[in-house]
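Derivation of every value follows stated rules applied to the coordinates shown; laboratory data play no part. Bear in mind the structure is a predicted one, so any value in this text is a computation, not a measurement. Positions of Cβ are backbone-derived with ideal geometry, glycine not excepted, and every protein chain shown enters the neighbour counts.
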Amino acid sequence: MQRLAFKMKLNKGQKEEYIKRHNEIWPELKELLKQNDVSEYSIFFDEDTHTLFAFQKILGNSGSQDLSDSEIVKKWWDYMADIMEVNPDNSPISAPLEEVFYLP
């Protein structure tokens, strides 16, 4: 099992809406993540910088960021595009984070 972390940026004033949308995550998106061996997916928010920090455990070599060919993922990106920083295809602008410490 691998651990992945990445960061994204939320638009100011959108924290509650982001939480609401994720509390109502679509069942088909949740199932897609599970089918692709993504587990223990957590997202944290830094109020000072509006940075979202995401962490997930995966089997294999690909995480949620590698599901860009899926129609449900594209639909989710479109749904979230108005509240966060996105690329031209509405995928979240994200940057992988390097693990520098781990205590099992």
Proximal lysines to residue 57, defined as alpha-carbon separation beneath 17 angstrom and excluding residues fewer than eight positions away on the same chain: 7, 30, 34
Packing rank of 1-7, 98-104, where each peptide gets the mean count of other beta carbons within 10 Å, highest leading: 1-7, 98-104
Stretchable slack from residue 34 to residue 51, in nm (0.36 nm times residue separation minus alpha-carbon distance): 3.6 nm
Difference of contour (0.36 nm per residue) and Cα-Cα distance, residue 17 to residue 99: 26.6 nm
